Amino acid sequence: MVQATPFLLVLFLALGAHGLSVKKCSLTGRWVNDLGSNMTIGTVNGNGDFAGVYHTAVSATSNEIKVSPLQGSLQKSPNQKGQPTFGFTVNWSFSDSITVFTGQCFVDDDGKEVLKTMWLLRSRVESIKSDWNATMVGINVFTRLQSQE
Ligand code: BTN
């Protein structure tokens, strides 16, 4: 028991130091994706809820693009290990459509945060007969926009 104490102490310190050095991925801030779209996410509250704004670079419509609100939710379970899963909805302010994104916030091998997402874009169609082609699916990868300090 006496010999085990220093070993356990070293193990505890090593694990603790490792835990402190592992960078966590945070959703809050400004992001750009592979299409050139920008989004800004505000603070994530204690329940994992967050809000933000989305400025898409592209549209399935010919409408003038406007900045649109988003609302989302971050998975807060203890198993997330600093790389949490999340989802958010963009309610387009210039079209009849809605997009839902789901993804995970990763820290890559260079220590950079990256959001790997998939999305469903639901367009409004005139009748149920057109429902079959009302939804598009795709992926987007977001990287953090560096703040100008
Ligand atoms: C619309 O066309 O009705 C609204 C804009 C949709 C933009 C889509 S959402 C998925 C993809 N990722 C983006 O950043 N923009 C497009």
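The values are calculated or read from the model by the stated rules, or taken from the named source; none is laboratory data. Computed from a prediction, not measured in an experiment: that's the story for all the values here. Counting neighbours? That spans all protein chains shown, and the Cβs are built from the backbone with ideal geometry, glycine included. Heads up: the accessible areas ignore ligands, DNA and RNA and are worked out on the full protein's heavy atoms, side chains in. Shrake-Rupley method; radii C 1.70, N 1.55, O 1.52, S 1.80 Å.
Which value in nm describes the separation of the simple spin-label points at THR135 and MET118, placed 7 Å from the Cα toward the beta carbon?
Between THR135 and MET118, the label points sit 1.1 nm apart.
For region 74-134, with all protein chains present and a 1.4 Å probe, just round the carbon and sulfur fraction of the accessible area to a whole percent. If you can, show how the numbers build up before the last one.
Working: 1980 of 3850 Å².
Using a 1.4 Å probe with all protein chains present, region 74-134 comes out at 51 percent carbon and sulfur.
Starting with the highest mean, order 120-130, 36-46 by the number of other Cβ atoms within 10 Å, averaged over the residues of each peptide.
Values: 120-130: 11.4, 36-46: 15.2.
For the peptides 120-130, 36-46, the packing ranking is 36-46, 120-130.
Taking only Cα atoms of region 29-144, what ratio of Rg to Rh do you get with Rh as the Kirkwood inverse-distance radius? Numbers along the way, then the final one.
Working: Rg = 15.0 Å, Rh = 15.1 Å.
Rg/Rh for region 29-144 comes to 1.00.
With every protein chain left in place and a probe of 1.4 Å, what is the accessible surface of VAL137, to the nearest 10 Å²?
Only protein atoms counted, so the area is about 100 Å².
Pairs of alpha-carbon atoms within less than 8 angstrom and 6+ residues apart define the contacts here; what relative contact order does region 51-149 have, in percent?
18
Name the residue from PRO78, TYR54, VAL100 whose Cα lies farthest towards the positive end of the charge dipole of region 29-144, charges +1 on Cβ of Lys and Arg and -1 on Cβ of Asp and Glu.
The listed residue farthest towards the positive side: PRO78.
Treating the beta-carbon of each Lys and Arg as +1 and of each Asp and Glu as -1, no other charges, what is the dipole magnitude of region 29-144 about its Cα centre, to the nearest 20 debye? All intermediate terms of the calculation are to be shown ahead of the outcome.
Numbers: 10 positive and 10 negative charges, 35 e Å.
The dipole magnitude comes to about 160 debye.
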